[in-house]
Amino acid sequence: MKTMELINMLAASTGDPDGPGQPILVRNASARMVVALASGLIGAALLLALFYGVRSDLRSLLLEPMFWMKVSFPLAAMLIGQWIAARLARPGMRVGLGPAAALLLPPALLWLAGASWLALAPASQRLDLLLGSSWEVCSANVALLSLPTLASMQWFLRGLAPTQLRAAGAVAGLVAGAQGVLVYSLYCVEMAPPFWGVWYVLGVALPTAAGTLCGPWLLRW
């Protein structure tokens, strides 16, 4: 998209005379975000079914408070990431101090919970709490499951007009990684916050780094 094409599009889409007055561009962005997240979720679920499967005790797992504590981290990160991605999708928008601080809140709370868990555990159990039984593959599995959402979030951003390409790519990767953790939680047996604080966070960091590196190339318009 060229600069004059963007200007003409924005000038023609400043409002909808038949609607409630909300800009057409905003509504289109919201619909595009829903499609991107749904597509990524379906893709991640298919990869989960193909490579891993779902835990056989999922019904009883859904009744455990620890499971909901586990999925609260990726849910919070994903929601905050969506909010920031919607901002960065518009020309000239930057991530302010408030949104940037909000991004740090989910991992900070997770690290606090993990540190408390380790402090209360006997010294002989702390390494097991950190490594669990799947530390070698956990982060890579999350990164694999994040790929469909990483692609769909890139599609979401490319259809709009981001100007902060590296930041937009990073947030796309963060949303993808968080959704990858969310889907992987249906398979992963690890139930200790210290494990989540290391290997889940690393699993989110991998697509975030990929998005940061590829953003200027893939999101250029």
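The values are calculated or read from the model by the stated rules, or taken from the named source; none is laboratory data. All of these numbers come straight from a predicted model, not from anything done at the bench. FYI the Cβ positions are ideal-geometry reconstructions off the backbone, even for glycines, and counts take in every protein chain you see. All accessible areas refer to the heavy atoms of the entire protein, side chains included, with ligands and DNA or RNA removed. Shrake-Rupley method; radii C 1.70, N 1.55, O 1.52, S 1.80 Å.
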(request) Test each condition in (1) more than 27 Å from Ser152 (Cα to Cα); (2) open to solvent by 80 Å² or more (accessible area, probe 1.4 Å); (3) not in a helix (DSSP H, G or I) for Arg90 and report the one that comes out false. (result) (1)
(message) Condition first: open to solvent by 10 Å² or more (accessible area, probe 1.4 Å), hydrophobic (A, V, I, L, M, F, W, C) and assigned to a loop (DSSP other than H, G, I, E, B). Now tell me which residues in the range 147-191 satisfy that.
(response) Leu160, Leu186, Val189, Met191
(request) Read through the list (1) more than 30 Å from Ala100 (Cβ to Cβ); (2) in a helix (DSSP H, G or I); (3) open to solvent by less than 60 Å² (accessible area, probe 1.4 Å); (4) at pLDDT below 95, then give the number of the only condition that Asn8 fails. (result) (3)
(request) Check whether at least one residue in the range 37-46 is in a helix (DSSP H, G or I), more than 25 Å from Leu219 (Cβ to Cβ) and either touching a residue at least 60 places away in the same chain (Cβ under 8 Å) or not acidic (Asp, Glu) (or both), and report yes or no. (result) yes
(message) I'd like the residue in the range 47-71 that is free of Cβ contacts under 8 Å to residues at least 24 places away in the same chain and within 21 Å of the chain's Cα centre (by Cα) and, out of all such residues, is most open to solvent (accessible area, probe 1.4 Å).
(response) Trp68
(message) Looking only at residues that are small (Gly, Ala, Ser) and part of a helix (DSSP H, G or I) in the range 192-221, which one is nearest to Trp111 (Cα to Cα)?
(response) Gly197
(message) Quick check on Ile42: is it open to solvent by less than 70 Å² (accessible area, probe 1.4 Å) and either aliphatic (A, V, I, L, M) or touching a Phe, Trp or Tyr at 6+ places or on another chain (Cβ under 6 Å) (or both)?
(response) no
(message) Looking at (1) open to solvent by less than 60 Å² (accessible area, probe 1.4 Å); (2) free of Cβ contacts under 8 Å to residues at least 40 places away in the same chain; (3) not in a helix (DSSP H, G or I), which one does Ile80 not meet, given that it meets all the others?
(response) (3)
